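Let me begin by presenting the structure, written as structure tokens, before commenting on it.
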Amino acid sequence: MNRLSEFMLPPAKSTTAEATDALFHFINVTSVILLVGITIAILYFSWKYRRRSDDDVTPVIAHNSKLEITWSVIPLILVLIVFGWGFSGYLNLITPPDDAYEIRVVGKSWLWEFHYETGHVSVNELHVPVNRPVKLIMSSDDVLHSLYIPDYRVKMDVLPNRYTSLWFEATEIGESIIFCTEYCGTAHSNMLATAYVHSAEDFETWLETAGSADDDMDPVELGERLVTRNACNTCHSADGSRLTGPTFQGLWMSERTMEDGEVVTADENYIRESILEPNARINQGYDPVMPSYAGSLNDRQIDAIIEYIKTLQ
Ligand SMILES: [Cu+2]
């Protein structure tokens, strides 16, 4: 079974992954056996009962009860096994253990926000402790998204105006990739995040120091890091090329034309407003798709981003 998993699937790194894989292999192996058996039977019968001479006449066969019962009962048993097995696995996957550690997840086009009990918010980085159940309570700020962690074999839709949840218990310290698996627009394929699994102590340390590690960093450097960390660079380039949003190069103090013809100078206030209330004014020729960063970036971080944009002349 393990060999088969290594061959077909990403490594199983959660407590429930192996049970999911076992059912997957059962369905797969049974299907292959049936496929081969049926194919051989078809070939054999078409050879055995081939037309041998012109006056060959096919006898009339009304039915064969034994055969019909056999080919109804065997699939019925297989389907019942898959149902029972799948249903008990499903119940396990939708029932998080009571002591699960809770993290709020917000999907936005096109990034993931993870909100921790301390109030810390990380973008596209999910930090979790190893060997402890974690429950994600998820919602979307805009369209349908879906959070998928292949290594843990968990996936759940993320909807606007409603909470969905999933849980897992990571069994290995390390990193796993997180995908959005609901097509959600232009940069859907960039809607990636990473799950970082820490030891219990390292996780506590991370939680205590998250965010404050930036405290004595140079503002320009911090700004550049925040632009990557908050996925601004999926929509804004620093080299003049046009992505979903306008480039940051040459933005500082330039004249921006809005949808309604208004011309605005890109000063501190304009950039700040663009980050906190992106839909207050829309640039001419662009779609109103930027998510608001109100609540996830504080004043110091916004200042740092502005300092960084100033350097991109
Ligand atoms: Cu998405």
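In region 135-152, what residues are away from the ligand (no atom under 16 Å from the Cβ) and surrounded by 22 or more Cβ atoms within 10 Å (Cβ to Cβ)?
151, 152
Starting from region 113-140, keep only residues that are on the phi > 0 side of the Ramachandran plot, then list their pairs with residues that are part of a strand (DSSP E or B) and surrounded by fewer than 17 Cβ atoms within 10 Å (Cβ to Cβ) whose Cβ atoms are within a distance under 9 Å, requiring at least 6 positions of separation or different chains.
Partner pairs satisfying both residue conditions: 124/194.
Identify the single condition in (1) surrounded by fewer than 11 Cβ atoms within 10 Å (Cβ to Cβ); (2) within 30 Å of residue 294 (Cα to Cα) that residue 100 does not satisfy, given that it satisfies every other one.
Of (1) surrounded by fewer than 11 Cβ atoms within 10 Å (Cβ to Cβ); (2) within 30 Å of residue 294 (Cα to Cα), only one is false for residue 100: (1).
Taking region 155-188 as the region of interest, how many residues are surrounded by fewer than 19 Cβ atoms within 10 Å (Cβ to Cβ), more than 16 Å from the ligand (Cβ to nearest atom) and in a strand (DSSP E or B)?
Within region 155-188, residues that are surrounded by fewer than 19 Cβ atoms within 10 Å (Cβ to Cβ), more than 16 Å from the ligand (Cβ to nearest atom) and in a strand (DSSP E or B) number 3.
Name the residues in region 159-208 that are more than 12 Å from the chain's Cα centre (by Cα), more than 14 Å from residue 146 (Cα to Cα) and among the hydroxyl-bearing types (Ser, Thr, Tyr), would you?
171, 186, 196, 199, 205
Within region 108-130, can you find the residues that are in a loop (DSSP other than H, G, I, E, B), in contact with a Ser or Thr (Cβ under 9 Å, 6 or more places away or on another chain) and either modelled with pLDDT of 95 or more or of a type in the set (Ser, Thr, Tyr) (or both)?
Residues satisfying the conditions are 109, 116, 130.
Please state which of the following conditions residue 233 fails to meet, knowing it meets all the rest: (1) of a type outside the set (Val, Ile, Thr); (2) over 27 Å from the mean Cα position of the chain (by Cα); (3) closer than 26 Å to residue 107 by Cβ; (4) assigned to a helix (DSSP H, G or I).
(2)
On the basis of being in contact with a Leu (Cβ under 6 Å, 6 or more places away or on another chain) and assigned to a loop (DSSP other than H, G, I, E, B), does residue 304 make the cut?
no
On the given criteria, is residue 81 within 14 Å of residue 165 (Cα to Cα), among the β-branched types (Val, Ile, Thr) and either in contact (Cβ under 8 Å) with a residue 40 or more places away in the chain or in contact with an Asp or Glu (Cβ under 9 Å, 6 or more places away or on another chain) (or both)?
no
Please state which one of 250, 223, 245, 285 is in contact (Cβ under 8 Å) with a residue 60 or more places away in the chain, part of a loop (DSSP other than H, G, I, E, B) and not hydrophobic (A, V, I, L, M, F, W, C).
250
Would you check if residue 171 is out of contact with any Pro (no Cβ under 7 Å at 6 or more places or on another chain) and under 23 Å from residue 110 (Cβ atoms)?
no
Could you list, in sequence order, all residues of region 189-210 that are part of a loop (DSSP other than H, G, I, E, B) and within 16 Å of the ligand (Cβ to nearest atom)?
Passing the criteria: 191, 192.
Identify, by number, the condition in (1) modelled with pLDDT under 90; (2) over 30 Å from the mean Cα position of the chain (by Cα) that residue 225 doesn't meet.
Every condition holds for residue 225 apart from (2).
Based on this model, can you work out whether residue 105 counts as within 16 Å of the ligand (Cβ to nearest atom) and not in a helix (DSSP H, G or I)?
Spelling it out, residue 105 is indeed within 16 Å of the ligand (Cβ to nearest atom) and not in a helix (DSSP H, G or I).
So which residues in region 108-134 are among the basic types (Lys, Arg) and away from the ligand (no atom under 12 Å from the Cβ), if there are any at all?
132, the sole residue that qualifies.
Taking region 1-54, which residues are part of a helix (DSSP H, G or I), among the polar types (S, T, N, Q) and either in contact with a strand residue (DSSP E or B) (Cβ under 8 Å, 6 or more places away or on another chain) or under 30 Å from residue 166 (Cβ atoms) (or both)?
2, 5, 20, 28, 30, 31
The values are calculated or read from the model by the stated rules, or taken from the named source; none is laboratory data. What you see is a predicted model; the values in this text were computed from it and never measured. We place every Cβ from the backbone using ideal geometry, glycine too, and count neighbours over all the protein chains shown.
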